[in-house]
Amino acid sequence: MWNLARAAWTLRHARRLSAAIPGSMPAPKHDSLFTAYKGYSTVESQVKIPPELLSHKSVLTPDRVFGQYDDLVTRVTNFHNEDKGYMVLAGDVFDVPIRKDIVHRVVRWQLAKRQQGTHSTKTISEVSGTGRKPYKQKGTGRARHGTLRGPQFRGGATMHGPKPRSHAIKLQKKVRRLGLKIALSARTAEGKLLVFEDLEVPSHKTKNIVNYLTQMENTKKVLLVDGSTVDDKLKLATRNLHYVNVLPSIGLNVYSILLHDTLVMTRDAINRIVERMHTPINR
């Protein structure tokens, strides 16, 4: 919270300076909606925000090493490419060193936990059939049998077959939380994290979402993350698009982030995620 207040004060101070000096900071229009999200600038200890962030120029990717736990400043807009200001991304959530082993463990935990485990086969006591001895023990020249429900007979039981069970494996909460931070940091480092003020759409028509997403560059699948609840119009507008999915902030997970190459989050969703990441783990 102190970093957010510090960055907000710096932005207000810089805007007052730019207003006092006319013509010092031009504001050309950027060509497309998503060129401004290709990079992020850091909030250093001296609170020096690059001047290009204080104008409407496209923010270029800075030459820096990601994973240094630095707070990042990014632009906030919406579907209509309207400037909604700036936002500070917490460095301990969006600038974490990338570790593939942690991501692998979290994805394996997710996929194992979501298995239904309802597979079942019948044992010799459950299979339908008579319990009578098929023929006498001796004198027939055939093999000895005491039941026709054995696994060697057609329609008989299955030995050592699967039964309903849970496939879930245990994984520490701190590892799960670290996996989500790494996934968010990876999208941020790639320039594929977009911050919107909100996800409001004028109607439930799918063509609106299609028109908005055509402005994105190098985008195949998009994950829209809203705050507490998802708007009904947005649900209807994206329901027929296989390359667009919508989630509330509470449902954001590592596997969904990896399945989509572009992540769009609202300001409210980011605040909720950061609050969740900063909440102490109950042991």
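Coordinate-derived values only; no laboratory data. Bear in mind the structure is a predicted one, so any value in this text is a computation, not a measurement. Counting neighbours? That spans all protein chains shown, and the Cβs are built from the backbone with ideal geometry, glycine included.
Miscellaneous remarks
- Phi to ³J(HN,Hα) by Karplus 6.51 cos²θ - 1.76 cosθ + 1.60 over the stretch 139-144, Hz, x for Gly, Pro: x, 9, x, 9, 5, 7
- Rough spin-label spacing in nm, given labels placed 7 Å along Cα→Cβ, for Ala143 and Met159: 1.0 nm
- Extension gain for the segment Tyr255 to Arg177, taken as residue separation times 0.36 nm less the Cα-Cα distance, is 26.8 nm to one decimal.
- Hydrodynamic radius of the stretch 179-225 by the Kirkwood approach over all distinct alpha-carbon pairs: 12.5 Å.
- Relative to the Cα centre, the charge distribution of the stretch 140-283, modelled as +1 at Lys and Arg Cβ and -1 at Asp and Glu Cβ, gives a dipole magnitude of about 1400 debye.
- Candidate lysines - alpha carbon under 16 Å from Lys205, same-chain residues fewer than 8 apart omitted: Lys233, Lys235
- Amide H contacts under 5 Å for Val244, placed H, 5+ residues apart: Val222
- Net lengthening on full extension, Arg132/Lys84 (0.36 nm per residue, minus Cα-Cα): 9.2 nm
- Kirkwood's formula applied to the C-alpha pairs of the stretch 135-230 gives a hydrodynamic radius of 20.8 angstrom.
- In the stretch 118-179, inverting the average of 1/r over every pair of distinct C-alpha atoms gives 15.2 Å as the Kirkwood radius.
- Each label was represented as a point 7 Å from its Cα along the Cα-to-Cβ direction; for Ala168 and Gln152 these points are 4.3 nm apart.
- Between the stretch 77-115 and the stretch 192-208, the C-alpha centres lie 19 angstrom from each other.
- For the stretch 232-283, the spread of Cα positions along each principal axis, largest first, Å: 41, 22, 18
- The stretch 116-233, relative contact order [Cα under 8 Å, separation at least 6], %: 22 percent
- Debye intensity ratio in log₁₀ form over the Cα atoms of the stretch 71-116, taken at each q of 0.16, 0.24 Å⁻¹: -0.69, -0.82
- Separation in nanometres of the label points that stand 7 Å from Cα toward Cβ, at Ser125 and Thr214: 6.6 nm
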